[in-house]
Every structure is written in C-alpha cells, then in structure tokens.
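Student: Dumping the structure here so I can ask a few things about it.
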Amino acid sequence: MLDRVEVVQGDITQQQVEAIVNAANNSLLGGGGVDGAIHRVAGPELLEECRKLRGCPTGEAKMTRGYRLPAKWVIHTVGPVWRGGNYKEDEYLAQCYQNCFALIEKHQLKTVAFPSISTGAYRFPLERATRIAVAETVNFLKGNNFVEKIVFVCFNIRVYDCYVNELKSIQ
Ligand code: AR6
C-alpha cells in the first residue's frame, strides 16, 4: 500500500498528475501560498469557475478543472486555522483529506498530489498535520485499489523530512 505513496520536494503546480489539491480558504477566490501559485499557473479561468462555487466550508472539498496546469483537475479544500488545538482542528484537517479522497474515488482519479494543508498561513503544527495526512491516506488506500499514486509535494526540506520520517515510522 505504501508503494503507492510518494514524497517529493517541489512545486505542486508542476506535478504531472491527474489532480492536485489546493489548500484554499473559505472564499475559494485565491490567496497566497500554494493557493496563489495554483491560480497563477492555472490562469484566470480557474478564478472564474471558483466564483461559481460560492465558497467552501472548512473541512470540505470542491473540484474544478485545472486549465493551464499540467493537472487536469484541482480539488480545493479548506483546512482549519490553528487556534491552539481545542477547536476541532485535528478533526477538520482529517475531514479535508477524507473529502478529497471522496472526490478522488467518485471521479476515479488515479494520480493525485497533495500539499501540506494548513501548515503555512494557517499555522497548524507540521508534525501533527503530517501524522493526520499520512494516517488518512493510508486508511483510504487500504480500501481502494484503483488509485495508483498519491504524491505528497513538500515545498521545503523541513516538510519533506517530516513526511519521510512519518512514513518510516509507520512501516
Ligand atoms: N507547492 C507545494 N507546496 C507549497 C507551494 C507550492 N507551490 N507553495 C506553498 N506551499 P499555505 P494553508 C506549501 O500557506 O496553511 C492561502 O493564502 C507551504 O510551504 O499555502 O493551508 C489560502 O488562500 C506549506 O507547507 O496553506 C488560505 O488563505 C503548505 O504549502 C491560506 O493560505 C501550506 O501553506 C491557507 O493556509
């Protein structure tokens, strides 16, 4: 099962996969970080389609086309803002992954790349978020044989090391 999980350091907008996941905000109208990068590469048509979605609640996920991205689809999910850990942040983050996987299953996507949701502007502690990301992914893959590859795209070496260590620890 873990042979279907990959960790790379790089830019999610350049990944050659069917879908990439965006760490968006409730408006779905763009922002900084990975969201800004995705909108810049996808072009203005992405924002136009996002406007029609009328936002997205925290923990949920919505899908659009990828336009000028190498990926055909973008799954937009909204992670929780870290507020100390007593505001269901863990549950909301787990829901993000679960709802992304629900869309992946529904649309029968085979290759999908995820960023480290909530660990940038939203300040979710990296190790705690990585444990949730890996646990939800492993849980999904256990019950799904169709998906060929889940890529965790890490923007820097700190994030990369964290994912590699987490995957090692569960083997
Ligand atoms: N490819 C892969 N990962 C990236 C990229 C990239 N091109 N750029 C940044 N990251 P963040 P959040 C990493 O802040 O914490 C936006 O303004 C980054 O290093 O993008 O969920 C939205 O509109 C970090 O590890 O997302 C929201 O308002 C991870 O992606 C808010 O930020 C997530 O950082 C969402 O905050």
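The values are calculated or read from the model by the stated rules, or taken from the named source; none is laboratory data. This structure is a prediction, so every number in the text was calculated from the model and none was measured. Glycine also receives a Cβ, built like all others from the backbone with ideal geometry; neighbour counts cover every protein chain displayed. What goes into the accessible areas is simple: the full protein's heavy atoms, side chains included, and nothing from ligands, DNA or RNA. Shrake-Rupley method; radii C 1.70, N 1.55, O 1.52, S 1.80 Å.
Student: Going down the table (Lys52/Lys142; Lys88/Lys110; Lys106/Lys168; Lys88/Lys149; Lys52/Lys149; Lys52/Lys106), which pairs top 27 Å between alpha carbons? The partial results should precede the final answer.
Tutor: Numbers: Lys52/Lys142 34 Å; Lys88/Lys110 30 Å; Lys106/Lys168 30 Å; Lys88/Lys149 29 Å; Lys52/Lys149 30 Å; Lys52/Lys106 21 Å.
Beyond 27 Å between Cα atoms: Lys52/Lys142; Lys88/Lys110; Lys106/Lys168; Lys88/Lys149; Lys52/Lys149.
Student: Which of Gly33, Gly84, Gly120 ends up with the largest GNM mean-square fluctuation for the chain, with Cα atoms connected below 10 Å?
Tutor: In this elastic network of the chain, the residue with the biggest mean-square fluctuation among Gly33, Gly84, Gly120 is Gly84.
Student: Same structure again: Round to a whole angstrom and tell me the spacing of the C-alpha centers of the range 83-119 and the range 34-76.
Tutor: Using only Cα atoms, the two centres lie 15 Å from each other.
Student: Shifting gears a bit: Can you pull the one-decimal nm distance between simple spin-label points at Arg158 and Lys72, each 7 Å off the Cα toward Cβ?
Tutor: So the two model labels end up 3.7 nm from each other.
Student: Tell me, what is the 1.4 Å probe accessible area of Trp73, in Å² to the nearest 10?
Tutor: Approximately 60 Å² of Trp73 is accessible to the 1.4 Å probe.
Student: If you take every DSSP beta bridge whose two residues both sit in the chain, what share of them, in percent to the nearest 5, is antiparallel? Walk me through the intermediate numbers first.
Tutor: Numbers: 5 of 22 bridges.
That works out to approximately 25 percent antiparallel.
Student: Apply the Karplus parameterisation 6.51 cos²θ - 1.76 cosθ + 1.60, with θ equal to phi minus 60°, to every residue of the range 61-71 and state each ³J(HN,Hα) to the nearest whole Hz, in sequence, with x for glycine and proline.
Tutor: 8, 9, 10, 10, 6, x, 6, 7, 6, x, 6
Student: Set the Förster radius R0 to 30 Å, insert the Cβ-Cβ distance between Ile170 and Phe146 as r into 1/(1 + (r/R0)^6), and round the FRET efficiency to 0.05. Each step should come with its number before you reach the end.
Tutor: Working: r = 22 Å, r/R0 = 0.74.
Efficiency computed from Cβ-Cβ geometry: 0.85.
Student: Report ³J(HN,Hα) in whole Hz for each residue of the range 15-29, in order, from the Karplus equation J = 6.51 cos²θ - 1.76 cosθ + 1.60 where θ = phi - 60°; Gly and Pro get x.
Tutor: For the range 15-29, the Karplus-derived couplings read 6, 8, 9, 5, 9, 10, 9, 9, 8, 9, 10, 4, 7, 6, 9 Hz, x marking Gly and Pro.
Student: Treat each spin label as a single point 7 Å out from the Cα along the C-beta direction, and report the Ser27 to Leu53 distance in nm.
Tutor: 1.5 nm
Student: Right, something else. May I ask which residue of Ile20, Asn144, Met63 lies farthest towards the positive end of the charge dipole of the chain, with charges of +1 (Lys, Arg) and -1 (Asp, Glu) on Cβ and the Cα centre as origin?
Tutor: Met63
Student: Sort 8-16, 20-28 for me by packing, meaning the mean count of neighbouring Cβ atoms within 10 Å per residue, highest on top.
Tutor: 20-28, 8-16
Student: Counting only protein heavy atoms and a 1.4 Å probe, tell me what percentage of the chain's accessible area is made up of carbon and sulfur. Present the calculation step by step, with values, prior to reporting the outcome.
Tutor: Details: 4000 of 8490 Å².
Result for the chain: 47 percent of the exposed heavy-atom area is carbon or sulfur.
Student: Could you name the aspartates and glutamates whose alpha carbon sits less than 12 Å from that of Lys62, not counting residues in the same chain fewer than 8 places away?
Tutor: Lys62 reaches Glu49.
Student: Which one, Leu29, Gln9, Val153, is farthest towards the positive end of the dipole of the chain when Lys and Arg carry +1 and Asp and Glu -1 on their Cβ?
Tutor: Positive-end residue among those listed: Leu29.
Student: Given H placed on each backbone N at 1.01 Å, which residues far from Ala113 in sequence or on other chains put an amide H within less than 5 Å of it?
Tutor: Answer set, sorted by chain and number: Ala19, Ile20, Val21, Val151.
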